[in-house]
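S.K.: If you scroll down you'll find the structure; I have some questions about it.
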Amino acid sequence: MSTDLTTFDNLLAAVTVTDGQPVHDPATGELVGNTKMSSTDDVDAAVAIASQAQKSWGALSHAERADYLHKAADAVNASAEALAQILAREVGKPLNGPNARFEAGACEAWLRANADFPLEDEVLVDDESGKSVLSYVPIGVVGAIGPWNWPMMISVWQLAPSLRMGNAVILKPSEHTPLSVQALVAVLNQALPEGVLQVVPGEGDIGQAVSEHPDIDKIMFTGSTKTGQAIMRSAAADMKRVTLELGGNDAGIVLEDINVADMAQDIFWGAFINTGQTCAALKRLYVPASIYDELVQALAKIAAETPMGQGVSEENVLGPLQNAAQQKIVADLVEEARKDGATIVTGGNPDDHQTGYFYPATIVSDIDQKNPLVQIEQFGPALPIIKYDDLDQAIEWANELEVGLGSSVWSSDADRAREVANRLIAGTTWINKHGAVDPRVPFGGVKKSGMGLEFGVEGLKQVALPKVTTL
């Protein structure tokens, strides 16, 4: 009789081992559970199983694989609260707001969306010379390496299109958040055929083993630019295909025509979603001098009033940083800004006696474009706000960094906002929102923020091989 994975206790028990590596709650330091740590031999074994399972999986029709994905989504729906509870403890993100329950719901939504995207063969030529048809066939085995900030959701971003297109998938979760991804896989595998989806938790050596494995045909990676560059180098040896969603330092440009009271909340959550630990969060905000003080104070008020605390407490919507290293990065960048003369409007004063990796929601004003808090992705709850007098200068500042994942323009004039958006160098530019990803809309970075696209029909094509048949 199979175990009921719809309860937190049962699901956590299904993915913990007695002698594994301990995983602690970043809010309290309490033990969440012990995770299995894979070896390179485990990677070899998983790839062998995946290669065999992929043959029959890839032979199914799109409709048959879509049916499996919908059943997997049903399983996620049934276990959604248990999955959210694990996220709240392992990642630290609160249950409510755009956090743990939101992430569990997004997993279901992305599975269903990828199941239902139409992907028809394309007739390229059909005349007296002959007929040529473009179709998409499975690649084989996809190695998916994910981050710790949205561990389940980004895993689904990788696995859902890969499975839909007939590939088998090997997931390597971040060593910081292995339990949530193993729990997700346990839930999904209630509905999927054996062997098509496997997880190999471990440290960086396991990620390297996945990225270099000769029988893995494609790598999908979300994480740092430095690691993405290493994956590209290793992929060159056997010409692996890669999709890389790498670091960002997203700029937002506010125009002087906005109503501050109407837009301040959306700007705040564009920056502070998941306590700022989001690749495509708003990380530097350019504001015209005419409304600068008003917007700074409005954002500072929201930051000071937004409840932060343990993820499992229902009232909180901001949580801790997931790990000590990330907390130190944020604290050091804010402190350097303070020393350079920037104003810490609110926050910037972590309680040394508080348990966990908390850093208060921080608004920094009167800061120079060259300050490290502007130039370096902080990946946490600290927003630098840069004043500008000339829009062309603000656009130049927004574009000068080596990254280009997302960006945003904030204006009450849609036509003017689009004009500015067209001048920003980024994979996506949102207007009057930031980070609003949609499973139907392709997403990817430019410059050192990555290569390739995810989501939508274009995302399906990225995890398949184009095949032209001519007769």
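The values are calculated or read from the model by the stated rules, or taken from the named source; none is laboratory data. In this text the structure is predicted, and so the values were computed from the model without any measurement. FYI the Cβ positions are ideal-geometry reconstructions off the backbone, even for glycines, and counts take in every protein chain you see. In case anyone asks, the SASA skips ligands and DNA or RNA and just uses the protein heavy atoms, side chains included. Shrake-Rupley method; radii C 1.70, N 1.55, O 1.52, S 1.80 Å.
S.K.: Starting from segment 133-159, take each residue that is within 20 Å of ARG241 (Cα to Cα) and in contact (Cβ under 8 Å) with a residue 60 or more places away in the chain and list its partners that are of a type in the set (Lys, Arg) and in a helix (DSSP H, G or I), counting only C-beta distances under 7 angstrom and pairs at least six apart or across chains.
M.R.: Pairs that qualify, where the first residue is within 20 Å of ARG241 (Cα to Cα) and in contact (Cβ under 8 Å) with a residue 60 or more places away in the chain and the partner is of a type in the set (Lys, Arg) and in a helix (DSSP H, G or I), are TYR136/LYS461.
S.K.: Still on this model: Given the condition open to solvent by 60 Å² or more (accessible area, probe 1.4 Å), over 30 Å from ILE344 (Cβ atoms) and either in contact with a helix residue (DSSP H, G or I) (Cβ under 7 Å, 6 or more places away or on another chain) or among the aromatic types (Phe, Trp, Tyr) (or both), answer yes or no: does some residue in segment 427-449 qualify?
M.R.: yes
S.K.: Something else about it: Is there any pair linking a residue in segment 394-415 that is touching a residue at least 12 places away in the same chain (Cβ under 8 Å) to one that is open to solvent by less than 10 Å² (accessible area, probe 1.4 Å) and in a helix (DSSP H, G or I), with Cβ under 6 Å and at least six apart or on different chains, and which?
M.R.: VAL409/ALA417; VAL409/VAL420; SER411/ALA417
S.K.: Would you confirm, using the coordinates I've provided, whether SER365 is loosely packed, with under 15 Cβ neighbours inside 10 Å and among the hydroxyl-bearing types (Ser, Thr, Tyr)?
M.R.: No.
Yes/no per residue for (1) on the phi < 0 side of the Ramachandran plot; (2) in contact (Cβ under 8 Å) with a residue 60 or more places away in the chain:
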position: PRO320; (1), (2): yes, yes
position: VAL330; (1), (2): yes, no
position: GLY341; (1), (2): no, no
position: ILE344; (1), (2): yes, no
position: GLN378; (1), (2): yes, yes
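S.K.: Now for a separate question. Would segment 278-298 turn up any residue that is outside any strand (DSSP E or B), surrounded by fewer than 24 Cβ atoms within 10 Å (Cβ to Cβ), small (Gly, Ala, Ser) and in contact with a Gly (Cβ under 8 Å, 6 or more places away or on another chain)?
M.R.: no
S.K.: Considering every residue within segment 69-91, establish whether at least one is touching a residue at least 60 places away in the same chain (Cβ under 8 Å), at positive phi and either surrounded by 23 or more Cβ atoms within 10 Å (Cβ to Cβ) or not acidic (Asp, Glu) (or both).
M.R.: Within segment 69-91, the subset touching a residue at least 60 places away in the same chain (Cβ under 8 Å) is 69, 71-72, 74-76, 78-79, 81-83, 85-91.
Those still in the list that are at positive phi too: none.
Taking every residue of segment 69-91 in turn, none turns out to be touching a residue at least 60 places away in the same chain (Cβ under 8 Å), at positive phi and either surrounded by 23 or more Cβ atoms within 10 Å (Cβ to Cβ) or not acidic (Asp, Glu) (or both).
S.K.: Could you check LEU179 against (1) under 19 Å from MET37 (Cβ atoms); (2) open to solvent by 10 Å² or more (accessible area, probe 1.4 Å); (3) in contact with an Asp or Glu (Cβ under 7 Å, 6 or more places away or on another chain) and say which number it fails?
M.R.: Just one mismatch for LEU179, condition (2).
S.K.: Now for a separate question. Which residues, counting only those in segment 330-368, are farther than 21 Å from TYR286 by Cβ and of a type in the set (D, E, K, R)?
M.R.: If the condition is that a residue be farther than 21 Å from TYR286 by Cβ and of a type in the set (D, E, K, R), then ASP332, GLU335, LYS339, ASP351, ASP352 are the ones that fit.
S.K.: Can you tell me which residues in segment 317-358 are closer than 12 Å to THR275 by Cα and touching a strand residue (DSSP E or B) at 6+ places or on another chain (Cβ under 6 Å)?
M.R.: Result: LEU318, VAL330.
S.K.: If you go through segment 35-42 one residue at a time, do you hit one that is open to solvent by less than 30 Å² (accessible area, probe 1.4 Å), in a helix (DSSP H, G or I) and either at pLDDT 95 or above or touching a strand residue (DSSP E or B) at 6+ places or on another chain (Cβ under 7 Å) (or both)? Reasoning before the result, please.
M.R.: We begin by selecting, within segment 35-42, every residue open to solvent by less than 30 Å² (accessible area, probe 1.4 Å); these are 35, 38.
Then drop every residue that is not in a helix (DSSP H, G or I), which leaves none.
There is no residue in segment 35-42 that is open to solvent by less than 30 Å² (accessible area, probe 1.4 Å), in a helix (DSSP H, G or I) and either at pLDDT 95 or above or touching a strand residue (DSSP E or B) at 6+ places or on another chain (Cβ under 7 Å) (or both).
S.K.: Another question, if that's okay. State yes or no: is LYS218 of a type in the set (Lys, Arg), farther than 18 Å from ASP42 by Cβ and open to solvent by less than 10 Å² (accessible area, probe 1.4 Å)?
M.R.: Details: of a type in the set (Lys, Arg): yes; farther than 18 Å from ASP42 by Cβ: yes; open to solvent by less than 10 Å² (accessible area, probe 1.4 Å): yes.
It is true that LYS218 is of a type in the set (Lys, Arg), farther than 18 Å from ASP42 by Cβ and open to solvent by less than 10 Å² (accessible area, probe 1.4 Å).
S.K.: Could you please find all residues in segment 193-205 being surrounded by fewer than 22 Cβ atoms within 10 Å (Cβ to Cβ), over 12 Å from ALA168 (Cβ atoms) and touching a residue at least 60 places away in the same chain (Cβ under 8 Å)?
M.R.: Within segment 193-205, GLU203, ASP205 qualify.
S.K.: Confirm whether GLN265 is surrounded by 24 or more Cβ atoms within 10 Å (Cβ to Cβ) and not charged (D, E, K, R).
M.R.: Values: surrounded by 24 or more Cβ atoms within 10 Å (Cβ to Cβ): no; not charged (D, E, K, R): yes.
When the stated conditions are applied, GLN265 does not pass them.
S.K.: Quick one: count up the residues across segment 307-342 that are open to solvent by 20 Å² or more (accessible area, probe 1.4 Å), of a type in the set (A, V, I, L, M, F, W, C) and outside any loop (DSSP other than H, G, I, E, B).
M.R.: Qualifying residue count, segment 307-342: 5.
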